[in-house]
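Heads up: the structure comes next, in structure tokens.
Each value in this text was obtained by applying a stated rule to the coordinates, not by laboratory testing. Since this is a predicted model, take the numbers as computed values, not measurements. When we count neighbours, we look across all protein chains shown, and the Cβ atoms used for this are built from the backbone with ideal geometry, even at glycine.
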Amino acid sequence: MTTGVQSGATASRFSRSDLMVVAAAREIHDGEMVFVGMRLPMIAFVVAKRTHAPGAVGLFENGVMRDTPASELLYTMSDPPNLLKASYCGDMLSVMSLLQQGRVNVGFLGAAEVDRFGNLNTTWGSRDAQPIRLPGSGGACDIASLSQRTVVLLEHTRQRLVSRVGHITSPGNGTGNGWRRGQGLPLRSGPSAVITTMGVLRFGEDGEAYLASVHPGVSVEDVLSNTGWTLKVAEDLAVTPEPDAAALAVIRELDPNRFWTKS
Amino acid sequence: MTTGVQSGATASRFSRSDLMVVAAAREIHDGEMVFVGMRLPMIAFVVAKRTHAPGAVGLFENGVMRDTPASELLYTMSDPPNLLKASYCGDMLSVMSLLQQGRVNVGFLGAAEVDRFGNLNTTWGSRDAQPIRLPGSGGACDIASLSQRTVVLLEHTRQRLVSRVGHITSPGNGTGNGWRRGQGLPLRSGPSAVITTMGVLRFGEDGEAYLASVHPGVSVEDVLSNTGWTLKVAEDLAVTPEPDAAALAVIRELDPNRFWTKS
Amino acid sequence: MMGITSSKLISMQQAIAEHVPSGSMVLLGAQLEAMIPFAAGHEIIRQGRRDLTLVGPISDMLFDQMIGAGCVSRVMAAWVGNVSAGMGYCFRRAVERSIPRAIETVDHTNLTIALALHAAAMGVPFMPTYTTLGSDLLKRNANLCEFHSPVNEERLVAVRALRPDVAVVQVQRADASGNAHLWGNLGVAIDGARASRKVIVVAEEIVAPEVIASDPNRTLIPGFLVTAVVHEPCGAHPSSVIGYYGRDHAFFHEYHDQTRELDGFERWSNRWIAEVPSRAAYLQQLGEPRAGNLRVREHAFSAPVDFGF
Amino acid sequence: MMGITSSKLISMQQAIAEHVPSGSMVLLGAQLEAMIPFAAGHEIIRQGRRDLTLVGPISDMLFDQMIGAGCVSRVMAAWVGNVSAGMGYCFRRAVERSIPRAIETVDHTNLTIALALHAAAMGVPFMPTYTTLGSDLLKRNANLCEFHSPVNEERLVAVRALRPDVAVVQVQRADASGNAHLWGNLGVAIDGARASRKVIVVAEEIVAPEVIASDPNRTLIPGFLVTAVVHEPCGAHPSSVIGYYGRDHAFFHEYHDQTRELDGFERWSNRWIAEVPSRAAYLQQLGEPRAGNLRVREHAFSAPVDFGF
């Protein structure tokens, strides 16, 4: 259900998903090349295009590039609306090669687990101490390895924000500062933000995540008690800005039945 | 001018070029992938297609593949008639990769110099002891390195059939048997025939060229005195078969003014 | 290789019977979420193939079905599941509990799968890349090995060339010789076809050679690289084929909901695979209203180009 | 990068003035004998550029002209000459006698040039290949180095990535944002554009964005990779642009015959380059009868494809 949040300034009702979408949209700057992904980041890309980043270009690992949003909300990146009037349709390498060239500014990812250094696991999970085989990397490892900035979206629980991922599917900062360079990963690459249902984490010089902002109505204590390690908190901790009317209008237009953005 | 050759059986008039074209066509077997090249080999490819090798496929390094001959004689492989109704038009690598996979059965080349081991030079020549810079490899080195069989066509003179080329633009058998393998070149590759204005040379187990056939009206002495090394002669030396009427008809149709096949 | 005019057109039943024996390494789903050759996969299941190695980037629901049917001993892919719903329950049962049999998983990324096929298509033993450096994929996948660049001091990963025995590639239209036009997102279809020893083209439409020859730049798979051509309308349902039909999203969710447990999968596969002898029967069971809803409502034709001179 | 609606359309004079300074490494003639951007090369000559490094597979007559004009200090190519007539006399004078100046030649093969650009387009430091093993090209070209495969014991050649400062790519049609449709033989145009820091698209026609967007599989160069767009009808004469005009074979022979000696080249280049301020003036001098004879006599349009759903 919609967890409406009353804030001083506005009384607009919006969900945590709305908030995450808009936070993700803010990670996209005008003219940037964006590895979009599906679901919330897909919506965030359109919000950015329609508001502050009209020149952003969306890249999809199936071989599609778009400088205009698709005419319909997509369930998969290969749905016909994502191909019609695309800037480019070709093969996977033609898109992945732009990523490997270092031209992709920001890539969005989900994950089953993220750890204190921003490493991601989408290969092995567990339930009641039983291992669960997850679908795997897809393009996640490629995006985390090669895009200039990686932004992760996920639900904020102790099970998902863990001290150390059981399997590094997609490398973040490994064990800390300098690790990526030591592995041979591109200098201009790495985790930039983790947008959760409770706040936004960013990464310090030491390569470790810290809490940069909490969502409206969420307390720091809530965040810390739902994080699987002792999460550092920024001295200048902010409150995640609320979605404005323009952004919300785009979200409602894209997801009228709130299939993606209900809760 | 046409150097008509009287032979016992037929009295058909044909030029040395006609003879070379038909000899080249015989190097193409049905269903083979052929790196065609221009001028005489181009005509030879069409002769083969129209006679004994209807399933042959022609590959061109500019990115074109054809299983039907072009509608007009080509001056370059990128002329519009070579693109219209082609089996494939794409980039150079899409064709060169078939070559590197070892799928190309035979490739045709010209050369300024060929030596006793079938090495080719198209980079540096000389006149009156002055070095002359030639255009270079183009795709010749690639074809000589990677096609299963390489067939060379050139004029038969001491200046062009030399003991040792001054510059190996395109590798033949190097210094003899086993050299190609030692260099790391594909096992199934190397020079197969040198078709000259006087005869056809092939290569022995030792990797050295020998005279396999002389053209009608040409003596072994003529060949040897016009070759820059002591050319071995096959015990079962043959006379190069004359073009039959069917082949000549194709040649005349393709080159009605005998621009390529006059002499 | 055959002459240019010979027809390679055969039935799906025959194509699978002749060209996809048990033990084969098979590339399927090269275009990711679109144009997945479900009809081919279902015929492979009906013919009871075993010990297949499945190769693909993100495999979506088809790999899950083939794993559930016990056809598979190994999967080399970047992602295995159900794109609409996430998990693939048959994949999980096989990996976690060896049901119906144990399978080996060789975990790739989309880029490393693409590069493995690209290396084979280019005729070289490997392709260099930066991806997977520092990941556990690099540690656990024997087809990825770290090395130092011969032209500078960088660390790189060599992705070993992968040559499937057969690639099954869904296309929009082809002629009887296998010259194929495909469009939309191509994924790894082109390198996949060139990397594989055999190529089965599954076409929505068989058209006159003149149609294909009118646009050689669209003939991404030339006929002389093709082993067999199958005419199988709607052969990719429930995935989409742009210009022909859309994606049946609900079908993916229904499969997910109905295959949580083993007996549910068996019911589903009996209904949609075992008990439908052909794609035609499958479509009849799907029903015209549902199929009709997926058809093109608004055409969007490409502007022509001129090959004249 | 600019917003999607911004026009990148500028004149050839401006494109060369802004994006091809002296000392640049320039890719020209990516499509081999077809679609050679002669108009761009002639403008580079008119603007008196110096110390250029020219990159291309088989360069045909344009490189010879730029070398003769003294613009060039280095050539990285597989073949330099005149495809119709063989030798390029300016190239020979420069290499053999340093006239008008000495030039460095880095001898490649078609495949190694293609791989050098492919490596840069793929974002890796090199591409592996078997070609040139055992040749003197391998010994003399520092961008080719032998190494052992990290996945087996084979000997291979590493072709170092080549990143031109600017690629000048002739296309049939583009929109004002640089989204370009090109067809026919593509040579190294696509990798070349992706490998280069800047891309100048030279188009026979500027069309509405809707025309380009109607066929994303034909948009081999998307606008966001393009720096500038030049509308230059007949900009590739005397080479051909399929669908627009044929090759002027005689023009290549005339150039060959008239440039055997230095003074002959100077007369030719004064007449066809120095004294014609623009492509329009060049075409006027060429004359309508000759230009008209090259135009398309019989159109051959591609069959449309449907992107509808």
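Please compute the net charge surrounding D:ILE273, taking Lys and Arg as +1 and Asp and Glu as -1 over other residues with Cβ under 12 Å from its Cβ. If you can, show how the numbers build up before the last one.
Values: positive: D:ARG46, D:ARG267, D:ARG271, D:ARG279; negative: D:GLU43, D:GLU266, D:GLU275.
Local net charge: +1.
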Exercise. How far is it, in nm, from the label point at D:ASN293 to the one at B:LYS232 when both lie 7 Å from their Cα along the line to the Cβ?
Worked result: 5.3 nm
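Within a Cβ distance under 9 Å of D:ASN82, other residues only, what is the Lys/Arg minus Asp/Glu net charge? Don't skip to the answer; put the middle values down first.
Details: positive: none; negative: D:ASP60, D:ASP64.
The answer is -2.
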Exercise. What residues qualify as long-range amide H neighbours of A:TRP124, i.e. H under 5 Å apart, gap of 5 or more or another chain, H built at 1.01 Å from N?
Worked result: A:LEU134
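Answer rounded, prolate or oblate for segment A:1-158, using the Cα gyration tensor with square roots of eigenvalues a ≥ b ≥ c: rounded when a/c is under 1.5, else prolate when a/b is larger than b/c, else oblate. All intermediate terms of the calculation are to be shown ahead of the outcome.
On the way: a/c = 1.70, a/b = 1.07, b/c = 1.59.
Cα axes put segment A:1-158 in the oblate bin.
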For this session: With springs only between Cα atoms under 10 Å apart, run a GNM on chain A and tell me which of A:LEU146, A:LEU59, A:LEU231 wobbles the most.
Result: A:LEU231
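A:THR240: net charge of surrounding residues, Cβ under 15 Å, Lys/Arg +1, Asp/Glu -1, itself excluded? Please report the intermediate quantities before stating the final value.
Details: positive: A:ARG16, A:ARG26, A:ARG202; negative: A:ASP18, A:GLU27, A:ASP222, A:ASP236, A:GLU242, A:ASP244.
Around A:THR240, the surrounding residues sum to -3.
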Seminar exercise, completed: Taking every residue of C:239-245, the Cβ atoms of other protein chains inside 10 Å of its Cβ average out to 6
For this session: Classify segment B:96-253 as rounded, prolate or oblate from the Cα gyration tensor: take a ≥ b ≥ c as the square roots of its eigenvalues, call it rounded if a/c is under 1.5, otherwise prolate when a/b beats b/c and oblate if not.
Result: rounded
For this session: Pull up all non-local amide H partners of D:LYS198: gap of 5 or more, or a different chain, and H-to-H distance under 5 Å with H placed in the peptide plane.
Result: D:VAL166, D:ALA167
Exercise. Counting other Cβ atoms within 10 Å of each Cβ, which trypsin sites (Lys or Arg not before Pro) in segment C:184-269 have at most 15 and sit in a DSSP loop?
Worked result: C:ARG197, C:ARG260
Seminar exercise, completed: Relative contact order of segment B:1-135 (C-alpha contacts under 8 Å, at least 6 apart) in percent is 18 percent
For this session: Would you mind working out the magnitude of the charge dipole of the protein assembly as shown relative to its Cα centre, with +1 at each Lys and Arg C-beta and -1 at each Asp and Glu C-beta, to the nearest 20 Debye?
Result: 860 debye
Seminar exercise, completed: Working note, segment A:72-184: Cα radius of gyration (Å, one decimal) and Dmax (Å, whole number) are 15.8, 48
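With an 8 Å cut-off on Cα pairs and a minimum separation of 6 or more residues, tell me the relative contact order of chain A in percent.
Numbers: 568 pairs, mean separation 51.4, N = 263.
Taking the mean separation of contacting Cα pairs over the length of chain A, I get 20 percent.
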Exercise. Counting pairs of alpha carbon atoms under 8 Å apart in space and at least six apart in sequence, what relative contact order in percent does chain D give?
Worked result: 19 percent
Exercise. For segment B:59-105 and segment D:201-265, what is the separation of their C-alpha centers, rounded to whole Å?
Worked result: 20 Å
For this session: Tell me the distances, shortest first, between A:ALA234 and the same position across the other copies, using label points 7 Å along Cα→Cβ, in nm to one decimal.
Result: 8.2
Problem set entry | Position C:ALA208, label points 7 Å along Cα→Cβ, spacing to each other copy in nm (shortest first, one decimal) | 3.0
Problem set entry | At 7 Å out from Cα toward Cβ: D:ILE99 inter-copy label distances (nm, ascending) | 8.7
Exercise. Taking H as built 1.01 Å from N, whose amide H comes closer than 5 Å to the amide H of C:ASN82, not counting residues under 5 places away?
Worked result: C:MET87, C:GLY88
Exercise. Using θ = phi - 60° and the Karplus curve 6.51 cos²θ - 1.76 cosθ + 1.60, what whole-Hz ³J(HN,Hα) does each residue of segment A:69-77 get, with Gly and Pro shown as x?
Worked result: x, 5, 6, 9, 5, 9, 8, 9, 5
For this session: Could you tell me whether chain C comes out rounded, prolate or oblate from its Cα gyration tensor? Rule is a ≥ b ≥ c as square roots of the eigenvalues, rounded for a/c under 1.5, then prolate if a/b exceeds b/c, otherwise oblate.
Result: oblate
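With the cut-off at 23 Å, tell me which of the pairs B:LYS85/D:LYS198; A:LYS232/A:LYS262; A:LYS49/A:LYS85; A:LYS49/A:LYS232 have Cα atoms farther apart than that. All intermediate terms of the calculation are to be shown ahead of the outcome.
Values: B:LYS85/D:LYS198 33 Å; A:LYS232/A:LYS262 30 Å; A:LYS49/A:LYS85 16 Å; A:LYS49/A:LYS232 33 Å.
Correct reply: B:LYS85/D:LYS198; A:LYS232/A:LYS262; A:LYS49/A:LYS232.
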Problem set entry | Hz values of 3J(HN,Hα) by residue in segment A:142-155 - Karplus curve (6.51, -1.76, 1.60), Gly and Pro given as x | 5, 5, 5, 7, 10, 7, 4, 10, 10, 10, 10, 10, 6, 5
